[in-house]
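Working notes for the structure below.
The values are calculated or read from the model by the stated rules, or taken from the named source; none is laboratory data. As the structure is a prediction and not an experimental result, all values here were calculated from the model. As a convention, Cβ positions derive from the backbone with ideal geometry for all residues, glycine included, and neighbour counts pool all protein chains shown.
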Amino acid sequence: MGTPDFAVEALRCLVEGGYNVVGVITMPDKPAGRGHKIQYSPVKQYALEQNLPLLQPEKLKDETFLEELRAWKADLQIVVAFRMLPQVVWDMPRFGTFNLHASLLPQYRGAAPINWAVINGDTETGITTFFLQQAIDTGEVIQQVKVPIEDTDNVGVVHDKLMVLGGKLVVETVDAIINGTVKSIPQDEMAVVGELRYAPKIFKETCKIDWNQSTKKVYDFIRGLSPYPAAWCELKNANDEVVAAKIFESEKQIESHDLAAGTLVTDGKKFLKIATIDGFINILTLQLPGKKRLKVDELLRGYQFSN
């Protein structure tokens, strides 16, 4: 059960590994893009290419869907980047249901664990497989793999690292369950270093940059939302119009200054930087509304900002 690219890797590893995948469940088709054309999810596309049975339920408690799911007679269900399941679904197979989660549980329970790990400046994250139970992301942990987060990694880079390792971990977890070698651990018995952090869903307002913070915090915030959904801020152009700019790449410059946080500094040709409380964020690539993503020097050739 899954929908995005992150879930495809695990499915691909199972199919190519020769496991008996009796069916795939993914989200219903939704219109996307400016033309509102129906686009298949990455999981659906892969399932169709492999001629795998496919279900796309609107409601997971719908009796028709439950009957179709029972008819597959699955011994084990695997969830990767999907919706919260009702007990009637996750309790159905004889070996239960396990989930692949993109954090080192119990840290970062929630919808956006990769984003929040980078936003918070963590130097390490990982992936976890765990058995589902009633409360979200709280089931007993089966296996974990740790992954370093480099200071220059954005969320896209970390996502891809975890995606590849996640596919391998799903296969290892399936083997352990089949062989009866699983020794799962309740999360409340696991040691947690530091405070317990959560990973709530990210909305547009979540992504607005607060310049009245340290340079490091703003830098981590930008890379924790790049390339998607992207951090943004309001800038004033040469006509004194306020525009919302998405920022994708930046560099941190820590130094003393007397400028108010949020002050824009540019030579109008090659650089654009914004003041924080202890330095500057040098913006490298950004995107204005209705325009394509550009490097700063490319944008400044035909567009000017007001200091």
| Among Lys216, Lys236, Lys252, which is the only one that is modelled with pLDDT under 95 and charged (D, E, K, R)? | Lys236
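State whether the residues of region 35-46 include one that is aromatic (Phe, Trp, Tyr) and either more than 24 Å from Leu132 (Cα to Cα) or part of a loop (DSSP other than H, G, I, E, B) (or both). Full working, then the answer.
Residues of region 35-46 aromatic (Phe, Trp, Tyr): 40, 46.
Of the ones still in play, those that are also either more than 24 Å from Leu132 (Cα to Cα) or part of a loop (DSSP other than H, G, I, E, B) (or both) are 40, 46.
Yes; the residues of region 35-46 include at least one that is aromatic (Phe, Trp, Tyr) and either more than 24 Å from Leu132 (Cα to Cα) or part of a loop (DSSP other than H, G, I, E, B) (or both).
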| field | Selected residue (only one of Ala81, Ala74 is crowded, with 16+ Cβ neighbours inside 10 Å, among the aliphatic types (A, V, I, L, M) and closer than 21 Å to Gln187 by Cβ) | value | Ala81
| message | Quick check on region 1-47: of everything there that is among the hydroxyl-bearing types (Ser, Thr, Tyr) and touching a residue at least 60 places away in the same chain (Cβ under 8 Å), which residue is nearest to Ile178 (Cα to Cα)? | response | Tyr19
| Can Asn20 be described as loosely packed, with under 11 Cβ neighbours inside 10 Å and closer than 21 Å to Ile142 by Cβ? | yes
| request: Go through region 48-80 and give me each residue that's free of Cβ contacts under 8 Å to residues at least 24 places away in the same chain and closer than 21 Å to Gln143 by Cα. | output: Asp75
| said: Would you confirm, using the coordinates I've provided, whether Val15 is outside any loop (DSSP other than H, G, I, E, B), among the β-branched types (Val, Ile, Thr) and touching a Phe, Trp or Tyr at 6+ places or on another chain (Cβ under 6 Å)? | reply: no
| field | Conditions (1) within 18 Å of Val193 (Cα to Cα); (2) at pLDDT below 95; number of the one not met by Gly126 | value | (2)
| task | With respect to Val192, determine if the residue is more than 15 Å from the chain's Cα centre (by Cα), of a type in the set (A, V, I, L, M, F, W, C) and surrounded by fewer than 16 Cβ atoms within 10 Å (Cβ to Cβ). | result | yes
